[in-house]
Amino acid sequence: MLIGVALLVVGGVAYLLGYRGSTHPSAETTVVTTTPAPVGFAFTSAGAVDLSSYASSIAWTTSEPSTGRLRWGPDGVEPMLWDSADASGTQHVVRLTGLASSTMYQVSLVATSADQHTARANLSFTTAAAPSQVQGSVRDGVLLVNGEPFFPLLAWQQCPEVWPGSLAAGINLFAAGSPCASPSSALSELAGRALVAGADSSLATSEPGFLGWFYPDEADARGLTGASLPALPAGVRFLTITAHFASAAAPLPSGRGMYRGLVAAADVVGFDVYPLQELCQRNLLPLDFDAQQQLEALAPGKPTFQWIESRGMRCGSSPGVALSPKTIRAESWLAVAAGAHGLAFFPPDWDYFAAPTIQGIAARIRQLEPALLQPVQAVHVEAAPGVRATARSYHGATYVIAVNADTKASDIRLTVPALGSRTLLVLGTPKTVKARGDVFTDRLKPLDVRIYVAPPAS
């Protein structure tokens, strides 16, 4: 069924185009503008098709055989994702994944004919609302929802009056089940806005719509093993463990041998360490990165996430360990840099400054999401002991995350495989950095987070 139209303007001539796409009422697409192309070469159609909550295809046709290149991202920020159609032809379809629900995206298209003429188009589309019927699965260390990659941003056992603020901050998965909100009530109230997982296995229900359920919190500290974990209803099985699996932490009385069984029983595995507000030691902040890397090794092929301390707890405002927007940002990106494919924020009642900070983190993740879900690439770091950095590659672009978890400013020298003397954009700033071969340098203040993007060489 033809369900939409798009306005395509080529060389000053407007064409009204039909396209096929999702029938979800919140999924919309429009082509905004194109620049004039040489006579005889032009776009004849372009638009978003097969829209869902977390993915969309971009389909276009040209009057002559051509290749195509896309640059895309969420509306309102500079697009930092690229894709291409490299086989010459008149009809092309490229699938974009790692999208956020109910979000507008912008796509710039450039088609190049065999004789190197180009035509350009800009289009936008809005993804569907969060699905009410969900099927979760896992593939290559990534959580999939209805078959599409999904980067969870999670809140724990919040009360309903907090939900609007958390939704505005970018939370897309609520672990529900507390005296103020049952899993079923959360499922009903959050429908179309976010996904829900049950946080309390004792309240487990077979009611459809849940992404999955959590095993008892910090199962290792409770003395549970893979064999003694409670049975859960169908869905994704989430597990949170303490940091006692990590080499920097003392093992629990039962030893570290139990972790293999616990991890094997789960689909998605997270941990908490809280270096500032539970361990009360500023010098342990790099543990967010180091323990995350060790969790990746403990749970190969499984999506992992980390709990980020978002309010003062045991250590309060003690000198050096008080939370701030900078600590929340640094801890979040230390986890992501080390391979986390999800973040969770604890406790349920965040500090007053946490929501806008989390909102900024969520926006940056949405800007880069499919790239952040790629395998981590090691980076050689020459810097202060507390600096951590890794890279990822996605469709020819290189993304580098560097965090200074040290207490002092540091010059950094990073060697990134296959960087190739490209110029890197520094997100959130007008600054650029020029690489010499595979090496570039910068300077980071304490708790600074830098995300560098080197566009595809072509």
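Relative to the longest principal axis of the C-alpha atoms of the chain, give the angle of the C-alpha long axis of helix 287-298, reported between 0 and 90° and rounded to the nearest 10°. Approximately 80 degrees, to the nearest ten. Two numbers describe the Cα atoms of the stretch 326-458: Rg and Dmax, which are 14.5, 47 Å. Taking every alpha-carbon pair in the stretch 220-286 and binning the separations at 5 Å intervals from zero gives 3, 16, 25, 23, 15, 11, 5, 2, 0 percent. Annotation: peptides 316-326, 58-68, 337-347, ranked by per-residue average of other Cβ atoms within 10 Å with the highest first, follow the order 337-347, 58-68, 316-326. When both the stretch 53-128 and the stretch 363-412 are represented by their alpha-carbon centers, they are found 26 Å apart.
For the stretch 301-381, the alpha carbon convex hull comes to 116 Å³ per residue, rounded to a whole number. Note on the chain: Lys pairs 8 or more places apart or on different chains, Cα atoms under 16 Å apart, count 4.
Helices in the chain, meaning DSSP H runs of at least 4 residues, each add -39500 (n - 2.57). Divided by all residues, the mean residue ellipticity at 222 nm is -4500 deg cm²/dmol. With unit charges on the beta carbons (Lys and Arg positive, Asp and Glu negative) and the dipole taken about the Cα centre of the chain, which residue among Thr112, Thr61, Ala197 sits farthest to the positive side? Farthest along the dipole direction, towards plus: Thr112.
Dipole magnitude for the chain: computed about the Cα centre from +1 point charges on Lys and Arg Cβ and -1 point charges on Asp and Glu Cβ, it is near 860 debye.
Per residue, how large is the accessible surface of the stretch 136-194? Use a 1.4 angstrom probe and give square angstrom.
Value returned for the stretch 136-194: 36 Å² of accessible area per residue.
Work out, in µm²/s and without decimals, the Stokes-Einstein translational diffusion coefficient of the stretch 348-407 at 25 °C, 0.890 mPa s, Rh from Kirkwood over C-alpha pairs. Translational diffusion coefficient: 181 µm²/s. The portion of the accessible surface of the chain made up by carbon and sulfur, rounded to a whole percent, is 54 (1.4 Å probe; DNA, RNA and ligands excluded).
Taking the Cα centre as origin and putting +1 on Lys and Arg beta-carbons and -1 on Asp and Glu beta-carbons, what dipole magnitude results for the stretch 160-304, to the nearest 20 debye? Please report the intermediate quantities before stating the final value.
Values: 7 positive and 13 negative charges, 59 e Å.
My answer is approximately 280 debye.
The values are calculated or read from the model by the stated rules, or taken from the named source; none is laboratory data. Predicted model only: the values in this text are computed from it and were never measured. Every residue, glycine among them, receives a Cβ derived from its backbone with ideal geometry; neighbour counts consider all protein chains shown. Accessible surface areas use protein heavy atoms only, side chains included; no ligands, DNA or RNA. Shrake-Rupley method; radii C 1.70, N 1.55, O 1.52, S 1.80 Å.
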